[in-house]
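Below is one structure; the comments refer to it alone.
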């Protein structure tokens, strides 16, 4: 296999691996919520990831130029800390596969954020994709409302805000971190933004005392640990590398595949999947495909 072939295969291999790992993240969050509050799940996820990545930081401080530290903090806070809390909040009401589907709007938001804040350009087909995907999202949320549309929109909005955060982070990594390896980006994004969360979990919540008096909670910690190490730390290293070797929108296209994995895990876990909802899901994925279409010619 020549280098040119490898260069074409590697991005797609990373994309599929990320889809499997991140597609299973929503069911792991759901499992974590059976043991802990959404605040505890979010803080524990950040804390475990922080502790896992901490050894990598020791020899990497000199690799970070002084002018990059502020962007590492922004990347860590916007791209990791905020979504880590928003997804559990949303999943206190929404099924895990629904959050996975709504998360597929990330490439759409990546395009919009790039246009507004990072001076990117887009074809008219991309704007059509924005409209189609939004129609699909609104239709899906409405069809799942069971007469309580406002409640569903409220909790769906947490997932949409998290996706917008991911969109900002993808553009930040592509714009400011091309000269830094993906492991270093991931390590110090968590090192800068995650440290306050670690302090909060251990000293300003009753988490330690809660776990000490209830050994059964260690099973919940196990679920969040898998989520943290594989679904956050290792996955982000791969994702940041993918952004560097392709572009922000292609990398965000992992969300084409995430809903498929999320739906499979949701059905296995007993969540109800209405066939009619498939229409709205296809509209979302079709819109996201259109948003990303002009980038495919470059790869």
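A few comments on the model shown:
- For the range 154-276: rounded, prolate or oblate by the Cα gyration tensor [a/c cutoff 1.5]: oblate
- Gain on full stretching of the segment that runs from residue 202 to residue 128 - 0.36 nm per residue minus C-alpha separation: 21.9 nm
- Sites residue 213 and residue 143, calculated FRET efficiency, Cβ-Cβ separation with R0 41 Å, nearest 0.05: 0.45
- Comparing 275, 112, 263 in a Gaussian network model of the chain, where Cα atoms under 10 Å apart are tied by springs, the biggest mean-square fluctuation is seen for 275.
- Sites residue 58 and residue 153 - FRET efficiency at Förster radius 45 Å, r taken between beta-carbons, to 0.05: 0.50
- Cα gyration tensor, the range 38-188 - rounded (a/c under 1.5), prolate or oblate: oblate
- Residue 181-residue 117 FRET efficiency (beta carbon distance; Förster radius 30 Å; 0.05 resolution): 0.75
- Taking 0.36 nm per residue of separation and subtracting the Cα-Cα distance, full extension of the segment from residue 161 to residue 282 would add 41.4 nm.
- Ranked by how many other Cβ atoms sit within 10 Å of their own Cβ, fewest first, the residues 218, 280 fall in the order 218, 280.
- GNM flexibility winner over the chain from 191, 168, 273 (Cα, springs under 10 Å): 273
- Shape class for the range 1-71, computed from the alpha carbon gyration tensor (a ≥ b ≥ c): oblate, with a/c not under 1.5 and a/b at or below b/c.
- Contact order normalised by residue count of the chain, Cα under 8 Å, 6+ apart, percent: 40
- Among 139, 76, 270, the residue with the largest mean-square fluctuation in a Gaussian network model of the chain, with springs joining Cα atoms closer than 10 Å, is 270.
Every number here is computed from the coordinates shown, using simple stated rules; none is lab data. Bear in mind that the values here come from a model prediction, so they are computed numbers and not experimental data. Neighbour counts are summed over all protein chains in view; Cβ atoms, including those assigned to glycine, are modelled from backbone coordinates with ideal geometry.
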